[in-house]
Each structure stands twice: as C-alpha cells, then as structure tokens.
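K.L.:
My questions will all concern the structure given below.
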Amino acid sequence: MDGNDRSIAAFTMLGHGLVHWFEMSIPIFLVAWGSAFDASLVLRGLVVALGYAPFGLGALPGGMLADRYGPRRVVLACFAGMAGSFLLLATANSMPTIAAALLLWGAAASVYHPAGNSLISTGANNRGTVFAYHGMAGNIGLALGPFTTATLLIFLDWSVVAVLVALPGLVALAYAWRVEFDPTAATDDAEAGAGTPLSVPTMLTNSRQLFASAFVVVFALVAFEGLFYRGVLTYLPEILQDLDAIETVTAGGLAGIEGIEPGDYVFVGLLVVGIVGQYVGGRLTERVAVERGLLVIFGLLAVLVVAFVPVAALGLAPLLVLCGLLGFFLFAIQPFYQVAVALYTPADTRGLSYGYTFLAEFGIGATSVAVGGFVLGGYTLAAFFLVLAGFAVVAGLLALLLLAGGDRFAPENQPEAAD
C-alpha cells in the first residue's frame, strides 16, 4: 500500500472499529439499566430496539450524504455523533433519556458503513487489502466493546462507564481530523467523493439507473448474505449452549463463573477467527475474480451449516473445527461483496450504492431474526440450518449469474449517474 492507502486504512479502521465498539457495548448496559431504573426487560428491549432501528434504516440517507458532502466529512460527523450520544447517555436519569441518546447514536452510526466503504472504493488503489484491514478492525470492535464494558461495570457505575466508552470516540475524532488523504485517488472520475446534488429527484434517477444495471444482482446477493449472517450471529450463541458437546465439557473454572457459559467462549473464538477471515478474504480479492470467490465461499458456507448438526454429534473437537471454519468464511466473504459493489457501480454514486448495500445487509438481513425464531420454535435445529443453507445457495446462484454475465456486466457498461 502507498501512503494514501495507509492513511485511508487508518481512518476507516478507526471508524469501523468504533461503530462496532459502541454497538456491542449497548447490550451490556441493558442489564445495568434494569437495576438503575427498575425497568422491565420488555421496556429496556424496546428502548434498545429504538437505538438499533436507525442504525440500519439510516444507511441509505448516509450514502446520499457521502455523495453530496464527501465521505470524510460524513465519517467525522459520525465520530462526533457517536461519542456525543454516549456522553448524553451518561447523564440520563430516566429510560426516555436513554432512548433519546440511543436514537442519536443509531442515527450517527448509520452513516459510517456507506461513507467508509465509499471512501475505500474511490480512494484506495489496493482496495482489497484496505477492505481486509477495515474488516479486521470491525471484528476487533465487536469483541472489545462488550468485553471492556462488562469488565468496567464490575468496578464502576454504569454512567461512569458510558463516559469511558465514549472517550475512544473523542480521541479518534481528534486524530481523524488531522489525517490527510486523496479520497478519489483510485478513480478517474473527478466528481467522485462529493458533489452529487442532495435531492429526491436526483436520488430517484440514480436509484433507477443503479437497479437497471448489474447492481440489482449485487443488491440481492448482499440481502441473502445478510439473512445468513444475521441468522448465524443471532442464534448461534444460544444453540451452542444447548449442544451435548458443550454441556458435557468440564470447563474448570469457566463453567463456575456467574453468567459465563463455555459456549460463549466458542462463539467469541468464532469472532476472533473471523478477523483472520477478513484479512485473507480482502487479500484474495486482488488475486481471485470477485464473482468466483463469492460463488465458492457461499457454497462452502452452505456445506458448513448443513454439516453443523451431524458434526456437533461427533463431539467437542469436531464442533470447534467446524465453528472455526464457519467464522473464517462468514467474515472472509465480506470484502468480496464490498469490492463487488465498487466494480458494478459508477464512482459518483458510490455512497448511494453502499447505502443500498448496507440497507440490504442490516435491514433486509434482520428479517432472518424473525424467520429463525419461527423455525427454531416450531421445527428442528437441522431445519434451521437448512434454511440458512438455502440463503447461501440463493446468494451463490446470484454470484454465478454475475460470473456468467461476462462483458454484459462489465464495469464500463454500467450507467452514468445523473447530475
């Protein structure tokens, strides 16, 4: 990577890590708010849902803002908004105030993914490598956020912990403000990165052009990836705890720690392996055709989830190997579809393109929570994994469609955006 790529990598790694640092600390605070405000789990769950809702819904307007004002400004506003919302959270003396702070956090955090990914796609010459480091930073935030918050809550009041959780956001804002880079170094389009009019007619025109191109296939592919991803990460912790291979483990001191189950450590291990998957996947996008990589990895994911129940019956060691492979490929696929968006969209609507992408990932993908709950509640565990395999198979067929499209789907044949 050259100096510009390294600066963009540092800037976006900070952003990606922080978004998930804040995101995954919220469920840990959920327990503390119960005793602090004598609030029921139903009320607390509703309040947290209010914070998470704009996190997905705001991706599309976040992408439009990135196209209009440039991803750098949008990401800096994201840093300020996330840190400020947690400082507001620390002052809360009621559940409505907590709800307001979380709504602010969700709105601020929602703009990061379309803006950060847009910046990488237009500014980084080695975009696959930068996407790899970017993904690794996100996984580190996923793991460190809840771990750090839970540890601090052992010793400090939740409001003090909220301030401490906010501090990395303020430090990152101060650092990111001074980082310099060229946001359009990887494209010949002089209008990429900022300047697209922020208006409904322009958005509708550009959206019609995007969905009249190969991007519609990429959008559908990401939606099914999101259904698979959210289904795995939502229900796997609970599934692991109920498996005989986990229940029969003599975990020494771990099993005796209140609130800690051996299955939790298996799940954390899956996320840690995902860091390696993100890196390897990103590097492979520079050596393997993106469409072919998507096809192969979706096929492997389908095989892994179908094999989950019979492998789990074999004992702990086979289960650990399968979970490691699942974690690796679950996150290795993300740089591939992120690069695919860059390949199949015009540079000056890249923010809008990633807005739609993460609306598919976080919005449509979230429906698998309801689908998974229905299947697990009324059918077998094997049926649940078959549903997940179905999502992966459909996504793989869409990747095959891109691969078979050849020159008809070539980037130079994609439409130009409206002025």
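K.L.:
Under 8 Å by Cβ, and 6 or more places apart or on different chains, what pairs join a residue from the range 389-400 that is closer than 20 Å to F308 by Cα with one that is among the hydroxyl-bearing types (S, T, Y)?
P.N.:
Close Cβ pairs (under 8 Å, with a partner that is among the hydroxyl-bearing types (S, T, Y)) amount to F391/S368.
K.L.:
Out of all the residues in the range 107-140, which are buried (at least 24 other Cβ atoms within 10 Å of the Cβ) and within 22 Å of L50 (Cα to Cα)?
P.N.:
A108, A109, S110, V111, Y112, H113, P114
K.L.:
Among the candidates L300, L271, L320, L325, which residue alone is free of Cβ contacts under 8 Å to residues at least 60 places away in the same chain, surrounded by fewer than 20 Cβ atoms within 10 Å (Cβ to Cβ) and within 26 Å of M13 (Cβ to Cβ)?
P.N.:
Residue meeting the stated conditions: L325.
K.L.:
To continue, here is another question. From M64, M82, which residue is buried (at least 24 other Cβ atoms within 10 Å of the Cβ), modelled with pLDDT under 90, of a type in the set (A, V, I, L, M) and assigned to a helix (DSSP H, G or I)?
P.N.:
When all the criteria are applied, what remains is M64.
K.L.:
If you don't mind, another one. Which condition number in (1) outside any helix (DSSP H, G or I); (2) under 28 Å from R127 (Cβ atoms) is the one that A39 fails?
P.N.:
(2)
K.L.:
Which of the residues spanning the range 352-382 are among the hydroxyl-bearing types (S, T, Y), surrounded by fewer than 20 Cβ atoms within 10 Å (Cβ to Cβ) and under 19 Å from the mean Cα position of the chain (by Cα)?
P.N.:
T367
K.L.:
Pick out the one residue from L325, L314 that is farther than 18 Å from F131 by Cα and in a helix (DSSP H, G or I).
P.N.:
L325
K.L.:
When you scan the range 4-48, how many residues do you find that are within 30 Å of F181 (Cα to Cα) and either among the hydrophobic types (A, V, I, L, M, F, W, C) or in contact with a Ser or Thr (Cβ under 8 Å, 6 or more places away or on another chain) (or both)?
P.N.:
Residues in the range 4-48 being within 30 Å of F181 (Cα to Cα) and either among the hydrophobic types (A, V, I, L, M, F, W, C) or in contact with a Ser or Thr (Cβ under 8 Å, 6 or more places away or on another chain) (or both): 12 in total.
K.L.:
On to the next question. If a residue must be under 17 Å from P71 (Cα atoms) and either assigned to a helix (DSSP H, G or I) or not assigned by TED's automatic domain parsing to the domain that holds T234 (or both), how many such residues does the range 340-368 contain?
P.N.:
14
K.L.:
Can I ask one more? From the list A410, A383, A395, A418, pick out the single residue that is of a type outside the set (S, T, Y), modelled with pLDDT of 90 or more and farther than 30 Å from A137 by Cβ.
P.N.:
None of the others qualify; the one that does is A383.
The values are calculated or read from the model by the stated rules, or taken from the named source; none is laboratory data. As the structure is a prediction and not an experimental result, all values here were calculated from the model. Cβ atoms come from the backbone with ideal geometry, glycine included; neighbour counts cover every protein chain shown.
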